[in-house]
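Below is one structure, written out as structure tokens; the observations come after it.
The values are calculated or read from the model by the stated rules, or taken from the named source; none is laboratory data. Only a predicted model underlies this, so the values are computations on that prediction, with no experimental measurement involved. Neighbour counts run over all protein chains shown; Cβ positions are idealised from the backbone, glycine included. Side chains are part of the model used for accessible areas, which takes the heavy atoms of the whole protein and leaves out ligands, DNA and RNA. Shrake-Rupley method; radii C 1.70, N 1.55, O 1.52, S 1.80 Å.
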Amino acid sequence: MNAIVHPKVARHFEKWVLKQEAPYVIKEVAILFENGGHNTCDFVITVTAPIETRIKRLLKRDTISKGKIEAIMKNQWTDEEKVKQSHFVIENIELENTKKQVVKIHKEILKKA
């Protein structure tokens, strides 16, 4: 399934990007590093939160078990691995602080765009 869906989504994204007039676009990908997608990005922003916080948020948002969440997380890179490969890191713990981090990164990217 991934071999069929992911290439089509990637082609659609590439076409969509060409139509944008913004100074930059953001591509949200849960497994950006795992599939090598970080190599096609000018900048990589990793959003982190403590694992227990992420699990609580997912349990609240989705109809999924804690065991399933943990199984998915085991197949993903650790935050430490992602941070090493990232240009920016957002710690998504408290909303107001997260917003401040986003604004700061936005300004940095605009300077470099």
Item to complete: Before anything else, pin down the relative contact order of the chain: Cα pairs under 8 Å, at least 6 apart, normalised by residue count, whole percent.
Response: 32 percent
Worksheet item: Which of the lysines could be linked to residue 19 by a straight reach, that is with a Cα gap under 24 Å, when you skip same-chain ones fewer than 8 residues away?
Response: 8, 27, 107, 111, 112
Practice prompt. Leaving ligands, DNA and RNA out of it, report the carbon-plus-sulfur percent of the accessible area of the chain at a 1.4 Å probe.
Written response: 57 percent
Worksheet entry | Heavy-atom SASA rank of 13, 33 (probe 1.4 Å, accessible area, largest first) | 13, 33
Fill in: Electrostatic dipole magnitude of the chain [Cβ: Lys, Arg +1; Asp, Glu -1; Cα centre; debye, to 20]
300 debye
Discussion item. Nearest 500 deg cm²/dmol is fine: what mean residue ellipticity at 222 nm does the chain get from its DSSP H runs of n ≥ 4 alone, each adding -39,500 (n - 2.57), divided by its residue count?
Written reply: -17000 deg cm²/dmol
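Using the Cβ atoms and a cut-off under 12 Å, what net charge is assigned to the surroundings of residue 75, where Lys and Arg are +1 and Asp and Glu are -1? Display every interim value, and only then the final one.
On the way: positive: 68, 74; negative: 34, 70.
Net charge around residue 75: 0.
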Discussion item. Students often forget the sequence filter, so: which lysines lie under 26 Å Cα-Cα from residue 66 once same-chain residues fewer than 8 apart are removed?
Written reply: 56, 74, 82
Worksheet entry | With DNA, RNA and ligands ignored, accessible area of residue 48 (1.4 Å probe; Å², nearest 10) | 20 Å²
Item to complete: In nm, give the distance between the simple-model label positions of residue 39 and residue 72, each being 7 Å from the Cα along the Cα-to-Cβ direction.
Response: 2.6 nm
Item to complete: Grab the Cα-Cα distance for residue 62 and residue 3, subtract it from 0.36 nm times how many residues apart they are, and report the gain in nm with one decimal.
Response: 18.8 nm
Discussion item. Keeping all protein chains in the complex and leaving out DNA, RNA and ligands, what accessible area do you get for residue 51 with a 1.4 Å probe, in Å² to the nearest 10?
Written reply: 100 Å²
Worksheet item: Residue farthest toward the positive end of the dipole of the stretch 29-113, with Cβ of Lys/Arg at +1 and Asp/Glu at -1: which of 97, 29, 43?
Response: 97
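So how do 62, 79 rank on accessible area, 1.4 Å probe, biggest first, that is with the largest at the start?
From most exposed to least exposed: 62, 79.
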Fill in: Heavy-atom accessible area order for 18, 110, largest first, 1.4 Å probe
18, 110
Fill in: Karplus 3J(HN,Hα) series, Hz, for the stretch 35-49 with 6.51 cos²θ - 1.76 cosθ + 1.60 (x for Gly, Pro)
9, x, x, 4, 6, 9, 9, 6, 9, 10, 10, 9, 9, 10, 6
Discussion item. Give me, ordered by chain and number, the residues 5 or more places off residue 89 or on other chains with an amide H under 5 Å from its own placed amide H.
Written reply: 46
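Calculate the FRET efficiency for residue 105 and residue 30 from the Cβ-Cβ distance with a Förster distance of 25 Å, rounded to the nearest 0.05. Working shown, then result.
Details: r = 19 Å, r/R0 = 0.77.
After rounding to 0.05, the efficiency reads 0.85.
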Worksheet item: How large is the accessible surface per residue of the chain, computed with a 1.4 Å probe and reported in Å² as a whole number?
Response: 79 Å²
